[in-house]
Amino acid sequence: MNTDRVPSRARAADLTVDVAAEPGHMCASRGRTVWAPVAGLGRRWPTLLALGLGAATFADGLPGRGFLAGLLVTMPVCYLVLGLFRRELGAPRALAVQVAGLVGFTAVALTALSVDATLGLRLLAAGWLAHAVWDFTHHRTGRVVPRAWSEWCGVVDLCGALALALLA
């Protein structure tokens, strides 16, 4: 390991990981030695869960358009509910942005159901990709929903958008 630099430290929950450790090297974690990539997985549990859900949902093909459109509408509803529960939507602008997102994603979902199947699936892919960007924005700001939620949802959305684009 390079000893010329002082390793930076990152803290996730109670797990301290040497982020300067080079791939394949060991790092200290609560008095134990852990392989650095494995220690980093502890912070990415929402991503791992989302990849599992994505694989389980799309491994045997695409679900029906109605189901996929329904999920596209359900996603921003979850943001509204979580934002209200966390009292993050007190400012009029914050609530307006979330409601605008719900209206926009609902419009995409309804349009996708009203056109032919191939175009509808492509619209849904675009909608799911747009929601992944929505998730990324929420993850970066740390507002409205917990970061773990926006990380999980963003990965699910990316998996869904990719599956829709490839299988449509």
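Below are the figures for this structure:
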quantity: Residues of segment 115-145 satisfying the condition of being part of a helix (DSSP H, G or I) and either open to solvent by 70 Å² or more (accessible area, probe 1.4 Å) or of a type in the set (S, T, N, Q) (or both); calculated: Thr118, Leu119, Arg122, Leu129, Val133, Phe136, Thr137, Arg140, Thr141
quantity: Count - residues of segment 97-106 that are open to solvent by 50 Å² or more (accessible area, probe 1.4 Å) and under 21 Å from Ala161 (Cβ atoms); calculated: 2
quantity: Residue in segment 112-125 that is under 18 Å from Leu166 (Cα atoms) and of a type in the set (S, T, N, Q) present; calculated: yes
quantity: Residue that is closer than 22 Å to Asp60 by Cβ, open to solvent by 10 Å² or more (accessible area, probe 1.4 Å) and in contact (Cβ under 8 Å) with a residue 24 or more places away in the chain, where the choices are Ala148, Ala112, Ala94, Ala168; calculated: Ala168
quantity: Arg87 vs. criteria open to solvent by 60 Å² or more (accessible area, probe 1.4 Å), part of a helix (DSSP H, G or I) and among the charged types (D, E, K, R); calculated: no
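The values are calculated or read from the model by the stated rules, or taken from the named source; none is laboratory data. Everything numeric here is computed off the predicted structure, so don't read it as measured data. Here the Cβ is made from the backbone with ideal geometry for all residues, glycine too, and neighbour counts use every protein chain on show. Only protein heavy atoms, including side chains, enter the accessible area calculation; ligands, DNA and RNA are left aside. Shrake-Rupley method; radii C 1.70, N 1.55, O 1.52, S 1.80 Å.
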